[in-house]
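Asks: Let me begin by handing over the structure; questions about it come next.
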Amino acid sequence: MKQISFATLAETGKKRRTKRERFLEEMEQVVPWAKLIALIEPHYPKAGRGRRPRGLETMLRIYFMQQWFNLSDPGMEDTLYDVPCMRAFAKLDLFDESMPDETTILKFRRLLEQHRLMAAIMNTINEVLEGKGLLLKGGTMVDATIIHAPPSTKNESKQRDPQMHQTKKGNNWFFGMKIHVGADVDSGLVHTVSVTPANAPDVSQLPKLLREDDRAVFGDKGYVDNRIKRAARQAGVFWGVSLKASAQHKLSGANKRFNRKMSSIRSRVEHVFRVIKRQFGYSKVRYKGLAKNAAQVFTLIGLTNLYLARRAMLT
């Protein structure tokens, strides 16, 4: 057993737990640590003659806290020194060992990117949720959201990120990328993710977001496509995409009632974006290029699924 320092012992005697502490206690219980560690371990550096690598579980916990609290590498290093409950969650003690520095944190993330482990992390989490009966099959809700990228050209290359693009939504222009998700109708948990520049039409990603055994599809007007609609109906799939009015064809009262009914069903998929943008603070890209940002999105989606399913898992 590791000896507990006096400072850590004093922290455990607090009478009131903060929201951050309660959140970390819940995540401690619902994250499938053993499966994720087994997934990463074959790619993790082994101890040799050189500098001994940090413990894999500690680095994974630090990486997850970066996603939950939207922290940069330097910000995460400072937080480990400043916030006792986050230090304890990473299984570190201030008086026993130095904290992992920002370079160590960066190298761990690059290891995950190099071996494409972020998507595997999301899939592993989904497998656990499916095994517990929390991620079901039968129908899919599709939706997309825009994540902003810096539009400024005041940088070394004097240009914006060439892999990001601008798009018009309503009367406003947005520059960045777009997250497309396919979520389970019953649970609201995401099973498939696609990341594109912001100017990609929502309907272009629809075939990628559906599962072969889906018997129903729900989406907003951005997914109107008569060709896909006919193919779905021929396959016996319920088409729950909202109807779109045109200059020649106005929506009837029945059409509007259908749209309201479909909107009430697919509205659950918006909870995913609320957690990512408001709970985890991910509303602006952190890296340059689609690949690095898409890798982070995979991790965020997996952790969002755990957050949305945490109460069912705890009970």
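Only the coordinates and a few stated rules stand behind these numbers; no lab work does. Only a predicted model underlies this, so the values are computations on that prediction, with no experimental measurement involved. Counting neighbours? That spans all protein chains shown, and the Cβs are built from the backbone with ideal geometry, glycine included.
Asks: If amide hydrogens are placed 1.01 Å from N in the peptide plane, which non-local residues have theirs closer than 5 Å to the one on L189?
Replies: The list, which skips near neighbours in sequence, is D184.
Asks: While we're looking at this one, here's another question. In whole angstrom, how far apart do the alpha carbon centroids of region 228-302 and region 78-98 sit?
Replies: 40
Asks: A further question on this structure: Amide H to amide H under 5 Å from H165: which residues, 5+ apart in sequence or cross-chain, H placed 1.01 Å off N in plane?
Replies: When sequence neighbours closer than 5 places are left aside, the close amide H contacts are G176, A198, N199.
Asks: Below 8 Å, C-alpha to C-alpha, sequence gap of six or more: please give me the relative contact order for the chain in percent.
Replies: 19
Asks: Now for a separate question. In nanometres, what is the gap between the two model label sites at K168 and E41, each 7 Å from Cα along Cα-to-Cβ?
Replies: According to this spin-label approximation, the distance is 5.6 nm.
Asks: When the Karplus curve 6.51 cos²θ - 1.76 cosθ + 1.60 is applied with θ = phi - 60°, which whole-Hz ³J(HN,Hα) does each residue of region 134-150 get, with x for Gly and Pro?
Replies: 9, 10, 9, 10, x, x, 10, 9, 10, 6, 8, 9, 9, 10, 6, 10, x
Asks: Mind jotting down the distance between the C-alpha centroids of region 106-131 and region 150-172, whole Å?
Replies: 29
Asks: Work out, step by step, the length gained on full extension between E28 and T58: first 0.36 nm times the residue separation, then minus their alpha carbon distance; give nm to one decimal.
Replies: 9.6 nm
Asks: Would you mind checking which residues have amide H under 5 Å from I147's amide H? H placed 1.01 Å from N; only 5 or more apart, or other chain.
Replies: Amide H neighbours of I147, under 5 Å, 5+ apart: M177, K178, I179.
Asks: Moving on to the next point. Tell me the label only: which of (1) 34, 26, 18; (2) 40, 23, 18; (3) 33, 22, 19 is semi-axes √(5λ) of the Cα gyration tensor in Å as calculated from this structure?
Replies: After the calculation, the listed value that fits is (2).
Asks: Still on this model: Could you order the peptides 299-308, 231-240, 123-132 from most to least packed, using the average number of other C-beta atoms within 10 Å per residue?
Replies: Descending mean neighbour count gives 299-308, 123-132, 231-240.
Asks: Using the Karplus equation 6.51 cos²θ - 1.76 cosθ + 1.60 (θ = phi - 60°), what ³J(HN,Hα) coupling, rounded to whole Hz, does each residue of region 273-284 give in order, writing x for Gly and Pro?
Replies: 5, 4, 5, 5, 8, 9, 6, 9, x, 9, 10, 9
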